[in-house]
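Working notes, beginning with the structure itself.
The values are calculated or read from the model by the stated rules, or taken from the named source; none is laboratory data. Not measured: the values here are computed from a predicted model. Cβ: placed from backbone, ideal geometry, glycine included. Neighbour counts: every protein chain shown. Heads up: the accessible areas ignore ligands, DNA and RNA and are worked out on the full protein's heavy atoms, side chains in. Shrake-Rupley method; radii C 1.70, N 1.55, O 1.52, S 1.80 Å.
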Amino acid sequence: MEQQLFFDRTDNQPLAARMRPKSLEEFAGQMHLLGKGKVLRRLIEEDRISSMIFWGPPGVGKTTLARIIANRTRSEFIDFSAVTSGIKEIRTVMQQAENNRRYGERTIVFVDEIHRFNKAQQDAFLPFVEKGSIILIGATTENPSFEINSALLSRCKVFVLQALGVEELKQLLQRALQDPRGFGNLQVRMPDSLLEAVAVFANGDARTALSTLEMVVLNGDSDGNTVTITEQTVEQCISKKSLLYDKKGEEHYNLISALHKSMRNSDPDAAVYWLARMLEAGEDPLYVARRLVRFASEDVGLADPRALEMTVAAYQACHFIGMPECTVHLTQAVVYLSLAPKSNALYMAYESAKKDALTQLSEPVPLVIRNAPTALMKDLQYGKGYQYAHDTEDKLTNMQCLPDSLLGKRYYHPTEQGLEGRFKTRLEQILDWKKAHQNQEDRPKNRKPEK
């Protein structure tokens, strides 16, 4: 019993746990939700909580906010972890909640890391949320649109929690130095500039900020009851910044989107920055290289045909030598793509053709461009009237290659960007020739079979 009491002592807990806010007044950040008169604050103060999802990066107060609700509500509060619980535990809790409802008592079920539940586990909550047996509060670092069943999500209000700003984190750290739950019983001498350095390092994460402060204070120069924090101590404790990145989560897609759009906007500096963010956080360089190959045709295309050569070469270089040496090859490709003239004409051509292809799948291939390897096919007029362009003086024919219903349809509309201007001129010449010869029987004397 004495051992249990020893481990329950709060002074043995990490600083982040000791400083966990117990009221809305202590809560840092999220003023867009918890400021005076804001919707979430009013729901909490008036005890009118409905099912909701707290979505935000680590260390912004999702679990803390749920516990504050637990302290203020007149409902039974059940803390549930998606990491350690399964279907059996869910059903047990739901039955308990149903019994509470029959006696007129509300039950709030808080599910931390709800995105870790699979579809079947999430479905187990659905009937109880619908009946009102429980009020569900879920916390997730992943985009609910991707990770939570649409049926369950439609019954929950999503509140987006934002990363804390540097000033908000500095206030949090200052309170930790003054509060008896933190280091209020010590005389800590720490310049404001070093507090700011810790806040910047934390990258919006209150838990990281407090944990780093604890490490800094414990490693400070102690003289009795006074601890002096030097720049060297802080540098040692924040020697390497942890980058917010999940190669399978939303931040992965946010960063590749930032890279793609920076290149499209012809901003090489921003593009190189986002490239570095991805690679230094552990992204597979071959994934980045594949996206660059796609970009070369989707956003540059024939405005600079060498872009595709450049990105394929970068992919091969990454494959040959790997990280960290291949960073310079990817940087070369990213800068080249950023500065290249832009055209999405190829992308738009395919998307337009795809739409027609999907809606007219039964459209037959014109007989004139069908191959005729058998006598039967020749008897059926496969390939009859085929014109072999190489046998003509202009290397052009007036042969119809599109189905009748699409005759005259244009998919490729070249721009005048970069080298694509030349392709535009050539296409216009071809179209003018075809228009001038559309009613002529311009067939070559020697027709070669299609290969």
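Would you tally the residues in the stretch 128-146 being crowded, with 19+ Cβ neighbours inside 10 Å and in a helix (DSSP H, G or I)? First the steps, then the outcome.
Quick first cut of the stretch 128-146, residues crowded, with 19+ Cβ neighbours inside 10 Å only: 128-129, 133-141, 144.
Add one more test, that the residue is in a helix (DSSP H, G or I), and what stays is 128-129, 144.
Residues that pass the stated criteria total 3.
List pairs: first in the stretch 181-205 and in a loop (DSSP other than H, G, I, E, B), second of a type in the set (D, E, K, R) and open to solvent by 30 Å² or more (accessible area, probe 1.4 Å), Cβ under 6 Å, 6+ apart or cross-chain?
Arg181/Arg18
Which one of these is within 18 Å of Tyr411 (Cα to Cα), over 29 Å from the mean Cα position of the chain (by Cα) and part of a helix (DSSP H, G or I): Asp356, Asp299?
Values: Asp299 fails: over 29 Å from the mean Cα position of the chain (by Cα).
Criteria check complete, one pass: Asp356.
Sort out which residues of the stretch 266-292 are part of a helix (DSSP H, G or I) and open to solvent by 40 Å² or more (accessible area, probe 1.4 Å), and write them in order of number.
First, the residues of the stretch 266-292 that are part of a helix (DSSP H, G or I): 268-280, 285-292.
Scanning the stretch 266-292 gives Asp269, Val272, Tyr273, Trp274, Ala276, Arg277, Glu280, Tyr287, Arg290, Arg291.
Could you list, in sequence order, all residues of the stretch 372-412 that are open to solvent by 90 Å² or more (accessible area, probe 1.4 Å), part of a loop (DSSP other than H, G, I, E, B) and farther than 28 Å from Thr359 by Cβ?
Correct list: Pro373, Lys384, Glu393, Lys395.
Quick check, is Leu367 surrounded by 12 or more Cβ atoms within 10 Å (Cβ to Cβ), in contact (Cβ under 8 Å) with a residue 24 or more places away in the chain and hydrophobic (A, V, I, L, M, F, W, C)? Give the derivation first.
Details: surrounded by 12 or more Cβ atoms within 10 Å (Cβ to Cβ): yes; in contact (Cβ under 8 Å) with a residue 24 or more places away in the chain: no; hydrophobic (A, V, I, L, M, F, W, C): yes.
Criteria not met by Leu367.
Can you tell me how many residues in the stretch 42-62 are more than 27 Å from the chain's Cα centre (by Cα) and open to solvent by less than 20 Å² (accessible area, probe 1.4 Å)? Break it down stepwise before answering.
Just the residues of the stretch 42-62 that are more than 27 Å from the chain's Cα centre (by Cα), to begin with: 42-50.
After this cut, where a residue has to be open to solvent by less than 20 Å² (accessible area, probe 1.4 Å) as well, the list is 44, 47, 49.
Final tally of qualifying residues: 3.
Could you tell me whether Phe159 is closer than 19 Å to Pro57 by Cα and touching a Leu at 6+ places or on another chain (Cβ under 9 Å)?
On the way: closer than 19 Å to Pro57 by Cα: yes; touching a Leu at 6+ places or on another chain (Cβ under 9 Å): yes.
The answer is yes for Phe159.
Consider the stretch 90-127. How many of its residues are surrounded by 14 or more Cβ atoms within 10 Å (Cβ to Cβ), over 14 Å from Ile78 (Cα atoms) and of a type in the set (Phe, Trp, Tyr)?
Looking only at that region, the number is 1.
If I filter the stretch 417-437 for residues that are part of a loop (DSSP other than H, G, I, E, B) and exposed (fewer than 11 other Cβ atoms within 10 Å of the Cβ), do I get at least one hit? Give the steps one after another, and end with the answer.
If we filter the stretch 417-437 for residues that are part of a loop (DSSP other than H, G, I, E, B), which is where we start, we get 417-419, 437.
Keeping just the survivors that are exposed (fewer than 11 other Cβ atoms within 10 Å of the Cβ) gives none.
Checking the stretch 417-437: not a single residue is part of a loop (DSSP other than H, G, I, E, B) and exposed (fewer than 11 other Cβ atoms within 10 Å of the Cβ).
In the stretch 337-356, which residues are out of contact with any Leu (no Cβ under 9 Å at 6 or more places or on another chain) and either more than 13 Å from Met263 (Cβ to Cβ) or open to solvent by 50 Å² or more (accessible area, probe 1.4 Å) (or both)? Walk me through how you get there before you give the answer.
First, pick out the residues of the stretch 337-356 that are out of contact with any Leu (no Cβ under 9 Å at 6 or more places or on another chain): 338-340, 342, 344, 347-355.
Result: Leu339, Asn344, Tyr347, Met348, Ala349, Tyr350, Glu351, Ser352, Ala353, Lys354, Lys355.
Across the stretch 147-181, which residue is nearest to Ile68 (Cα to Cα) among those that are open to solvent by 60 Å² or more (accessible area, probe 1.4 Å) and of a type in the set (S, T, N, Q)?
Per the criteria, the residue is Gln162.
Go through the stretch 387-433 residue by residue and tally those that are hydroxyl-bearing (Ser, Thr, Tyr) and without any contact (Cβ under 8 Å) to a residue 60 or more places away in the chain. Walk me through it before giving the result.
Restricting attention to the stretch 387-433, the residues satisfying the condition of being hydroxyl-bearing (Ser, Thr, Tyr) are 388, 392, 397, 405, 411-412, 415, 425.
Checking which are without any contact (Cβ under 8 Å) to a residue 60 or more places away in the chain leaves us with 392, 397, 405, 425.
Qualifying residue count for the region: 4.
Just one of (1) assigned to a loop (DSSP other than H, G, I, E, B); (2) modelled with pLDDT of 95 or more trips up Leu243, so point out which.
Only one criterion is unmet by Leu243, namely (2).
Please give the number of the condition Asn71 fails out of (1) closer than 24 Å to Met19 by Cα; (2) in contact with a Phe, Trp or Tyr (Cβ under 7 Å, 6 or more places away or on another chain).
The single condition Asn71 does not satisfy is (2).
Of the conditions (1) among the polar types (S, T, N, Q); (2) under 22 Å from Ile256 (Cα atoms); (3) surrounded by fewer than 17 Cβ atoms within 10 Å (Cβ to Cβ), Thr359 satisfies every one except a single condition; which number is it?
Of the numbered conditions (1) among the polar types (S, T, N, Q); (2) under 22 Å from Ile256 (Cα atoms); (3) surrounded by fewer than 17 Cβ atoms within 10 Å (Cβ to Cβ), the odd one out for Thr359 is (2).
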